[in-house]
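For reference, the structure discussed in these notes is given below.
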Amino acid sequence: MTLKSIKGYFLAALAAAAYGTNPAFAVPLYEEGMNPNTVLMFRYVLGVPLLALLMWYRNISFKLDKGSIGQVAILGILMALSSLTLFESYNYMNSGIASTLLFVYPVMVAIIMMFFFHEKNGPSLYICLLIMFAGLFLLVKPTDGMRLSPYGCVLVMISALTYALYIVMVNVSKKINTIPTTKLLFYVLIFGSLLFFVNIALGNPITWPHQGLDWVNLSALAIIPTLLSLACTTAAIQMIGSTPTAILGSLEPVSAVLLSVFFLKQPITTLEIVGGGLIVIATVIVINDKVIDKTILSVRKMFPRKHHLNH
C-alpha cells in the first residue's frame, strides 16, 4: 500500500467522522426555532469567507475557467440539495437514524460507477457492501416502539442519491480534477447557497439565531461537517477513487455512536456494538481489497469447476 493511498483512506475516514457531527449542531438550532433552509444558508454563507481567506493566504487564484463553471454549479446544487433533504428529514425522524440511513450512498456510488463508467470490482467489494449493510441495519433498527417515517426515509434517499452523484462527478470529471480543492469548495458553496436563497424568495421564511450559542453551532456547521468534511472527501476521491471513499463514509455512524457514548454519556446496546464492529470489518476489507481479491482467486483455482460430458 502506497503512502498516497494510506493518506487517502485516512482522509476518507476523517471526512466521515466530521460529517457525522451534523445532527449535533443542527438539532439544537431547530429547538431554538430555526428551520433547515435558514440553518443551511448560514452554514454555506459562513463557509465562503473562510475559504476566501484561505485562498488568499495560499495565493490561489479566484479565476474559474469558463468551461468548468457549469460543472461546478451542478456540484454546488447537488451538495446543497443533499444537505437540505437530510436536514429536512431531521424534522420527521430521529436524526441519528436519518444520518445512518444516509449511508446507502456507497452502494449507489458503486452501482453508478459499475453500470455507467464500467468500473470493474472484485468479489471483496460485494462482500464488503453486504457486511456494511448488515452493520447499518443493526445501528438503524428502531427501539422502544420507534417507527420510521416514510416521508423522512424518502428525503434521506434523495440526500444519499445526490451525494452519490456529487462523489461520482468529482471522480470522473477531468475539468473538476484540475481545480484546487479549496477553490472548488469555495465555488461549490457559492453555487449551493443559491438554492437556499431561491427557497427564501419562494416564501420560505428566514429564522434568525436568538443567542450566542446559536452562532457557535452555525459556525461549527460551517467548519466541521462542511469545510473539513468536503475538503477531506474531495482529496480522498482524488487519491483512492470514489467507491472506496464512499464505503469508508460508513464509519460516520460508528463515530456518531462513539461520540454519544464518551461525550454525551449515552448508553450503548449490544446491537450497536455488533453493528459498529461489522462496519469496521467492512472498512478493513475495502482497505485490503487487492489482497483479499487475490486470496479469493487463489482459493477458486484450488477448486476448479468440473465439466460434465453429455453422452
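The values are calculated or read from the model by the stated rules, or taken from the named source; none is laboratory data. Bear in mind the structure is a predicted one, so any value in this text is a computation, not a measurement. Here the Cβ is made from the backbone with ideal geometry for all residues, glycine too, and neighbour counts use every protein chain on show. Calculation scope for accessible area: heavy atoms of the full protein, side chains included, ligands and nucleic acids excluded. Shrake-Rupley method; radii C 1.70, N 1.55, O 1.52, S 1.80 Å.
A few points about this structure:
- Flag for L64 being aliphatic (A, V, I, L, M) and either open to solvent by 40 Å² or more (accessible area, probe 1.4 Å) or under 24 Å from N204 (Cβ atoms) (or both): no
- Enumeration of residues in the range 16-58 that are among the small types (G, A, S) and under 25 Å from I167 (Cβ atoms): A16, A17, A18, G20, A24, A26, G47, A52
- Filter result (assigned to a helix (DSSP H, G or I) and open to solvent by 60 Å² or more (accessible area, probe 1.4 Å)) within the range 15-36: E31
- Close pairs from the range 1-24: first more than 12 Å from L248 (Cβ to Cβ), partner open to solvent by 50 Å² or more (accessible area, probe 1.4 Å) and outside any loop (DSSP other than H, G, I, E, B), Cβ under 6 Å, at least 6 apart: K4/M239; A18/I224; A18/L228; T21/I224
- Residue count for the range 197-213 satisfying the condition of being under 13 Å from N35 (Cβ atoms) and either in a helix (DSSP H, G or I) or under 20 Å from the mean Cα position of the chain (by Cα) (or both): 2.
- For the range 74-156, the helices (runs of 4 or more DSSP H) that sit wholly inside it and include 2 or more residues that are open to solvent by less than 20 Å² (accessible area, probe 1.4 Å) and modelled with pLDDT of 75 or more are 105-116, 123-140.
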